[in-house]
Amino acid sequence: MGLLEKIKKGNTSSGVAAVGNIFLAGIKAVAASISGSGTMFASAMHSLADSINQGFVFFGSVLAELPPTKRFPTGFGRVINIFCMIAVVVVTIMAYETIKEGWHLLQHPIEATNFFLNIIILLISFFVDGFILVKAMKEIRDETGTAEKGGLIRTAFQQVRKAAPATRLVFYEDLVATFSAVLAIIGIVLAQFFNVLAADGIASIIIGILMLYVAYRVGYDNMVGLIGVAAPAEVEENITNIILGHKDIVDIQQIRIIQEGRLYHVEGTIELRKGMMLDEADDVQIHLRNMLLNQPDVADVVLGILEDDGKINWK
């Protein structure tokens, strides 16, 4: 597989988000230096953190798609969790700096200038981050294989826990980024037209707190992923239904489905109907393994076979 093919397998949302946010961080930083707006500075820090994180995560998602090797027989699915944990550290540092700047502005409020410049920059930010957020929502829908029920937004919120780690990171970060743009506009308007100078500092602190929430949410999800987490109940139900739907399979004695990144590893022991010849049992095992490998995101399948013991182990 060539370099270009490997890059194409990376998480699309994180790649687009990295490019979009580095552009936003640049124009926001310029606007903050011209206007002196603390809220704009906070928003620039958020965009910078997002661009660094999502660049890291995109690189990690490319590595996670590498095929298994002799030394790493289960593949590199958990690599993406490591890169997401690095992103959590970056978000936490940026959140601290944002909250500190907001607190400073509360103690020493200043009147920002270039009102229309700030508004234009924040509107650009809102539409760019909103576009990335919608793209992440569509990837959540596609990765989880769910139909839209009640609209794309509702589907994304309901299914985000089942999406790939990189997609979850982009979703949470750009959800906060889009809301932060709205919050920053409110803070600037209050300061400009109502002389509520404290609004600038308060908005900065709120944005920083939201960034801390992103760090917690993403950090927890990826810590669980690094330890090794069971597949969602829907995935387990789908796989066990396929197994039990085979005419020659009587029961599942035990099964374990582990999620690594967005991939699943299936290990189990199945019971076949009595009286089967060894070659027939082998054919069933191979056929069933191929059926499971054809399911989306199933990376490998290891199945043991036994003759029916007359007891029902799986309900």
Looking at VAL229, VAL235, which one is in contact with a strand residue (DSSP E or B) (Cβ under 7 Å, 6 or more places away or on another chain) and buried (at least 21 other Cβ atoms within 10 Å of the Cβ)? VAL235
Does at least one position in region 225-243 carry a residue that is β-branched (Val, Ile, Thr), closer than 24 Å to PHE56 by Cβ and touching a residue at least 60 places away in the same chain (Cβ under 8 Å)? no
Name the one entry in ASN114, ASN81, ASN118 that is in contact with a strand residue (DSSP E or B) (Cβ under 9 Å, 6 or more places away or on another chain) and touching a residue at least 12 places away in the same chain (Cβ under 8 Å). ASN81
Odd one out for LEU212 among (1) crowded, with 16+ Cβ neighbours inside 10 Å; (2) touching a strand residue (DSSP E or B) at 6+ places or on another chain (Cβ under 9 Å): (2)
Hey, among GLY219, GLY245, GLY201, GLY208, which residue is among the small types (Gly, Ala, Ser) and not assigned by TED's automatic domain parsing to the domain that holds SER51? GLY245
Has region 223-232 got at least one residue that is under 30 Å from ILE82 (Cα atoms) and assigned to a strand (DSSP E or B)? yes
Which members of region 126-147 meet the condition of being at pLDDT below 85 and either under 18 Å from PHE179 (Cα atoms) or surrounded by 14 or more Cβ atoms within 10 Å (Cβ to Cβ) (or both)? GLU143, THR144, GLY145, THR146
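Yes/no per residue for (1) at pLDDT below 80; (2) in contact with an Asp or Glu (Cβ under 8 Å, 6 or more places away or on another chain); (3) closer than 28 Å to TYR220 by Cα:
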| position | (1), (2), (3) |
| --- | --- |
| THR155 | no, yes, yes |
| GLN158 | no, no, yes |
| PHE171 | no, no, yes |
| ALA181 | no, yes, yes |
| VAL189 | no, no, no |
Against the condition over 21 Å from the mean Cα position of the chain (by Cα), within 14 Å of MET40 (Cα to Cα) and in the same structural domain as ALA17 (by TED's automatic domain parsing), how does PHE126 come out, does it pass? no
Which of the numbered conditions does ILE140 fail, given that it passes all the others? Conditions: (1) in contact (Cβ under 8 Å) with a residue 40 or more places away in the chain; (2) outside any loop (DSSP other than H, G, I, E, B). (1)
If we ask which residues in region 260-281 are surrounded by fewer than 17 Cβ atoms within 10 Å (Cβ to Cβ), at pLDDT below 90 and acidic (Asp, Glu), their number turns out to be 2
Could you tell me whether ALA166 is farther than 20 Å from ILE22 by Cβ and in a helix (DSSP H, G or I)? no
Among the residues listed as LEU303, LEU272, LEU244, LEU288, the single one being of a type in the set (A, V, I, L, M, F, W, C), in contact with a Lys or Arg (Cβ under 7 Å, 6 or more places away or on another chain) and farther than 26 Å from ASN11 by Cα: LEU303
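Considering region 154-190 alone, what residues qualify as being among the polar types (S, T, N, Q) and over 12 Å from the mean Cα position of the chain (by Cα)? Don't jump to the end; show me each part of the working.
Of region 154-190, the ones among the polar types (S, T, N, Q) are 155, 158-159, 167, 178, 180.
Scanning region 154-190 gives THR155, GLN158, THR178, SER180.
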Odd one out for GLN295 among (1) among the polar types (S, T, N, Q); (2) touching a residue at least 24 places away in the same chain (Cβ under 8 Å); (3) in the same structural domain as PRO165 (by TED's automatic domain parsing); (4) in a loop (DSSP other than H, G, I, E, B): (3)
Return the residues of region 234-273 that are of a type in the set (D, E, K, R), part of a loop (DSSP other than H, G, I, E, B) and under 22 Å from VAL224 (Cβ atoms); say none if nothing qualifies. ARG262
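The values are calculated or read from the model by the stated rules, or taken from the named source; none is laboratory data. This is a predicted model, so every value here is computed, not measured. Neighbour counts run over all protein chains shown; Cβ positions are idealised from the backbone, glycine included.
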